Amino acid sequence: MNQPYGYGAGYPQYAQPYMTGQAATISSMQSSGAGGTIPPTNVPSGAFVTPSGGNIVTIPAAEESYVENILRLNRGKLATFYMTYENNREWNAKIFKGIIEAAGRDHIVISDPSTGMRYLLLMLNLDYVTFDEPIKYEYPFQGSVVTPSTPISS
């Protein structure tokens, strides 16, 4: 039989529709036949499956601050990025200077204003970032928002 997209034996040809909660449990029970229950196959990453087949999805803590969020707050600003590349024969450390265009969980997009070159940098290699001007910084903490103007309490 000809398998599409290079899938080998044991791989499904077509994706199953996405179901959660009671629909997934009912579908799982219906398809199990005699002899047991087949666990649901569409469990989101980081979720747990209960014995009855339902999903428990954990929600990340609200009081967290991430580098990508700080970089996003400072889009359009000039910054210097200090990166380390281990086991690299040509260079193991490199400095990039550019305007922050975007930032994601694993990457940063900057553009060099002098050359127009755009760089996609991996967070994995990021050591630290410097700015020549004040930065925007805020994050939720204990029900309020901490900003640079929040008083320091001891």
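With the structure loaded, tell me whether Ile95 is of a type outside the set (Gly, Ala, Ser), in contact with a Ser or Thr (Cβ under 8 Å, 6 or more places away or on another chain) and modelled with pLDDT under 70 or whether it fails that test. In short, no. Tell me whether the stretch 55-68 contains one or more residues that are under 30 Å from Glu138 (Cα atoms) and modelled with pLDDT of 90 or more. Yes; the residues of the stretch 55-68 include at least one that is under 30 Å from Glu138 (Cα atoms) and modelled with pLDDT of 90 or more. Looking only at the stretch 80-105, residues that are open to solvent by 80 Å² or more (accessible area, probe 1.4 Å), basic (Lys, Arg) and in a strand (DSSP E or B) come to 1 in all. The set of residues from the stretch 118-137 being open to solvent by less than 100 Å² (accessible area, probe 1.4 Å) and of a type outside the set (Ser, Thr, Tyr) comprises Leu121, Leu122, Met123, Asn125, Leu126, Asp127, Val129, Phe131, Glu133, Ile135. Is it the case, given these coordinates, that Ile108 is of a type in the set (A, V, I, L, M), at pLDDT 95 or above, under 20 Å from the mean Cα position of the chain (by Cα) and surrounded by 11 or more Cβ atoms within 10 Å (Cβ to Cβ)? The answer is yes for Ile108.
The values are calculated or read from the model by the stated rules, or taken from the named source; none is laboratory data. If you're wondering where the values come from, they're calculated on a predicted model, not measured in any experiment. Note: ideal-geometry Cβ built from the backbone for every residue, glycine included; neighbour counts use all protein chains shown. Protein only, heavy atoms only, side chains kept; ligands, DNA and RNA dropped before computing areas. Shrake-Rupley method; radii C 1.70, N 1.55, O 1.52, S 1.80 Å.
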